[in-house]
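Heads up: the structure comes next, in structure tokens.
Here, each number is a calculation from the coordinates, and none is a lab measurement. Because the structure is predicted, anything quoted here is derived from the model rather than measured. Glycine also receives a Cβ, built like all others from the backbone with ideal geometry; neighbour counts cover every protein chain displayed.
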């Protein structure tokens, strides 16, 4: 898609002004998807559907209709968000649901003129951080196909980083938008819990689930978020960094990091200070992970999967099955303690953000996770990849706050850039995005495409790698909420 406008707004303006046809944009996106098929980013490409939608959009101005804020913008949709007439698989071996009505977020995107190109791969039932899927094969990172794009929204991130689409839609329950944004060098927005409707989105833990965009720029995320949240067009101006006061919470920020992440985070803090921002380390013992995250979250996960786990546990992949077995063992007293802990975390982060404009952290502790390997490298010692990818992200979900992952303009050109996480006050997405835009416009943050993807030709996966394992069909399963 290198010959199209570089931003979401640019594509929408070009289509609305008839400078370019939506069918041309759709065609370019489908061609890029074909060229990058080895990444296994999609579970389904809806070529006929996206072409029909583009043709209808191209007829709309002639009939006197409005093209929409996202006119002709290709979007990749995580395959646990309902899309009318297409199967929702959740990356599983057995869940197949053809929704009669699209999820609310999809209806809003399509009403704004967006074109849903296809449905993207994910960690099974969104319950993990690698997108290495036992049933569909691993999603591969455009930066290095031997590595994970992160999860659980790995397919959406891979599709954006590889240049197939400018926007991927993911879900974030413990970091599943921000983690793949970090590993793929993208902007990822996790909204405040409840700001984007969850109707038609398969649940992981409903009180923590959010839906958010993965994009190349902060402006793109702001535009797409406004549509998803039903806010319509908003005017976004960069914050004045000289008036911003940022907190670096300790001991939360003092986790084991890779050399690249540690250097990038320090460079970002120093850069913000040079620009006139106040950057202060703040002792915040109430925000020390991991806390009781599993006790807080697992009872909800167990309720979604209890019946299926009792009926056919073997239809889950080994990793997800083990985690579900643990979830089913959480006692009522442990669950109550988890919720008490969650309330304390929320109060602690609220208190910090009552005194600071935002909290700054790395998004992930490492930038590289090899497919099939459980440990990742930090400066100190190897640690489990789930710990490394979730340690800065998951606590934010339990607090309910919005957060933005930003790719930093530093680091070697052949590896993903370090990612800065900016956490804002609940309900203050506009302020958070304004800060992100200011950091981007200062030159501290910037998207750069993975090597080789400008032409849509990423490297080949390792010899003998599984690209796609066909899932075994079973009768259509109901949505756990009945909706």
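Some points to look at:
- When only alpha carbons are used to place a centre, segment 215-257 and segment 396-420 end up 11 Å from one another.
- Geometric descriptor of the chain, per residue, is 128 Å³ (volume of the convex hull of the Cα atoms).
- Considering only the chain, percent of DSSP beta bridges that pair antiparallel, nearest 5: 65 percent
- Protection proxy ranking, peptides 187-197, 152-162, 347-357, average beta carbon neighbours within 10 Å, highest first: 152-162, 187-197, 347-357
- Sum of -39500 (n - 2.57) over DSSP H runs of 4+, divided by residues of the chain (222 nm, nearest 500): -10500 deg cm²/dmol
- Scattering curve values for segment 2-121, log₁₀ I(q)/I(0), Debye with Cα scatterers, q = 0.19, 0.23 Å⁻¹: -1.00, -1.33
- When you count the other C-beta atoms within 10 angstrom of each residue and take the mean per peptide, 15-27, 88-100, 226-238 line up highest first as 88-100, 15-27, 226-238.
- Spatial separation of Cα centroids for segment 1-61 and segment 313-374, in angstrom: 36 Å
- Segment 324-441 shape via C-alpha gyration tensor axes, a/c threshold 1.5: oblate
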